[in-house]
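The values are calculated or read from the model by the stated rules, or taken from the named source; none is laboratory data. Note that the structure is predicted; figures quoted are calculated from it, not measured. When we count neighbours, we look across all protein chains shown, and the Cβ atoms used for this are built from the backbone with ideal geometry, even at glycine.
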Amino acid sequence: MNVEPIINAKFKRFREKMELVNMADGVAFEQFVNHTILSAHQPDAFNGDNELFEKVNVGGTKDMGIDGIAIKLNGLFIRDLDEAKDLTKKLPRLSIEFIFIQSKYKSNFDKGEFNNFSDGVREFLSETQKQPVSDEIKELIKIKDFLVSENAVFKWEDNPSVRLYYVVMGKWHQSQHQLALSETFKEDIIALNTYKSPSVHFIDLDGFKSILDSNDNNFKVVINAIETMPLTSVELVNNSCVLLCYASELKKILTTEPDGLIRKSLFDDNVRDYQGDNNINTEINETINNEPQKFALLNNGITIVCEEYIPSNRQITLKNPQIVNGCQTSHVIFHNSDSNEILSKVPIVIKLISTNDSEITNQIVRGTNRQNIVLDEAFETTKKFHKDLEEFINALSGDYERFYYERRSKQYDHNPSISHFQKLSLRLIFQSFVGMFINEPHISHRHESKLLEMYSNLVFQEHQSKLPYFTSALSFYKLEKLFRAGTLDKKSLYAFRTHLLMIFRELIAGTKPNINNELIVDEHCQLVLQVLKDNKKTADKFMEAAKIFETSRKYWINDLKKDQFRIKDVKEFTDLVLSNIRKVKTVSTDLVEDANFRYTGKIAKIFKDKFGSYCGFIERNPTNIFFHSSAAKGINLFDKEGKLATYRVSTNPKSGQLLAVEVEVNG
């Protein structure tokens, strides 16, 4: 089939980037559509994350007539049931969305195909499923069942949303038969009394091209101005002005066609995403709905940088705009988009700047985002450790095989020579390290916010060597290549990658080292890196690791009579694997709960208590930990501020306060 040239070019580029050139056209196209549609919902969703991409592509045998399924929880795609449970515990309110995609690499919309598609979705959303279902879809059904159960329903902001996308590379002619099927489907889902009325999108060639352009932030929009005022001339700035318009005009920039999503790619340069119903956003919403005429007086407005804008009378055409400040305001306006009559009364001030100079754009971002930022998991990678790790990986990977730490979303998108698989995110580096160097693969698959909560005092510490982080990242990168090449069986082993990383390291270098002892851990890493330098030795060692894993799994199921589906997240299975490696009865060290583990931190403060004895605090997340001179026997503490100390953690039996004990000071 001859596809529109621009779409065909982007499809070809996608196949090369994702290494799908040998895949059948129809299957590769399904994955291309899934990637495109879901990137419109969350632009950075698949950056360096092949696991999520694998999970949303459900087309094949027993696929219920569905090619792609994604579940969103508060704007984030969910990979597994544990992640859904972790986020449900953490989030005060839940916004849930189920997305289903069916695509055809042909030119006509088929009534029978759409009927099969909607039947499959109907059954997925029902309490029970009668038709055969693949293992991949079964896992997604488990997530769905949990999110609509009593465990989660009391936190719902509203009933879950349902979106269907039927994508065909032809022209949509408003088929009355398919529209009637769509209405019947909507009525059936509403009758379940669980979900909001579904939205069904028939995406034709033009609509799909529009989504591709929106994802690339490549579009033009014309807005009507109330008034404009030019700003002073600045070098490397083509044009700039202050624009006053109504919020209904801003909505034209914010909303995608044809599915009416917020255009997430507009906010790539923002320092943080939408923060939800916090106090500030609630106040913005109240002003819009109660005192719309005061909005321009009470709100700072937004800043837009674009490639070009063309004024004509009271209309302005914007080309490829980016909202670099005003993410919160923009989202609140979008969430009021059903009230177009109200938005047409809300005046908003826009600072509009036309420039193609990236440094000017960066200066504008820094200058317009001076608000205090809460350092939660969303900002972990802004810390110095991660900036240094990024440079360390970039400098060292060339000696082995080139890959990159994509510390910031879409950081390397400007470089077409860097493939999708060469970019590793915080999530992947974190999970690999926890599995490989902390020997806790049964925990490593958890969401990064949960991992940061559990390991905040153990990983990404300033005093630690960067080499084990590099080693685990390179090992993960090499392991992924073996899966893509078919050297390792993806179906049976892919979910256990961090188990394989742990076995791989133990086979080469032995028992895990203390990650806080730079000399020891670096020597340990060098043994692993010597193997990683040689592709054949690497493949052989991972295949040996796979055999040990399979032997352990068979013993777990056949001899111990344990649940085959309770392997990935069970510490007892990790201990079994380690005992099979070492051929001795031993168990893994759970660093999070091990009372004998010695932590390392800098002494933040030394002072005397009311009895004249020295006391102090050692730096520790989320709050510094107290110690008394009695816990640092034989050490003169008066000049030890700023020194590194190691310590165990104990608890005050009366107050429950954490205390540092057995304190030893370096230097």
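Worth pointing out:
- Of the residues 371, 363, the single one that is outside any helix (DSSP H, G or I), of a type outside the set (Asp, Glu) and modelled with pLDDT under 90 is 371.
- Pairs are defined by a Cβ separation below 8 Å, a sequence spacing of at least 6 or placement on different chains, a first member in the range 204-222 that is closer than 11 Å to residue 40 by Cα, and a second member that is surrounded by 15 or more Cβ atoms within 10 Å (Cβ to Cβ) and small (Gly, Ala, Ser); the pairs so defined are 211/40; 214/40; 214/265; 215/39; 215/40; 215/265; 216/265; 217/265.
- So residue 73, is it buried (at least 19 other Cβ atoms within 10 Å of the Cβ), farther than 30 Å from residue 473 by Cβ and either within 22 Å of the chain's Cα centre (by Cα) or not assigned by TED's automatic domain parsing to the domain that holds residue 141 (or both): no
- Meets criteria (farther than 14 Å from residue 286 by Cα, assigned by TED's automatic domain parsing to the domain that holds residue 301 and modelled with pLDDT of 90 or more) for residue 330: yes
- Condition met for residue 322 (over 22 Å from residue 158 (Cβ atoms), crowded, with 20+ Cβ neighbours inside 10 Å and within 23 Å of the chain's Cα centre (by Cα)): yes
- Extreme residue, nearest to residue 141 (Cα to Cα), among residues of the range 105-122 that are exposed (fewer than 15 other Cβ atoms within 10 Å of the Cβ) and out of contact with any strand residue (DSSP E or B) (no Cβ under 9 Å at 6 or more places or on another chain): 112
- The range 52-67, residues that are touching a residue at least 60 places away in the same chain (Cβ under 8 Å) and either closer than 19 Å to residue 144 by Cβ or among the small types (Gly, Ala, Ser) (or both): 54, 55, 58, 60, 62, 63, 64, 66
- Filter pass, residue 185 being of a type in the set (Phe, Trp, Tyr) and assigned to a helix (DSSP H, G or I): yes
- Test for residue 17: is it touching a His at 6+ places or on another chain (Cβ under 6 Å), farther than 30 Å from residue 153 by Cβ and assigned by TED's automatic domain parsing to the domain that holds residue 176: yes
- Residue match in the range 491-511 (condition: farther than 19 Å from residue 535 by Cβ and part of a loop (DSSP other than H, G, I, E, B)): yes
- Of all the numbered requirements in (1) modelled with pLDDT under 90; (2) over 27 Å from residue 265 (Cβ atoms), residue 435 misses one, and that requirement is (1).
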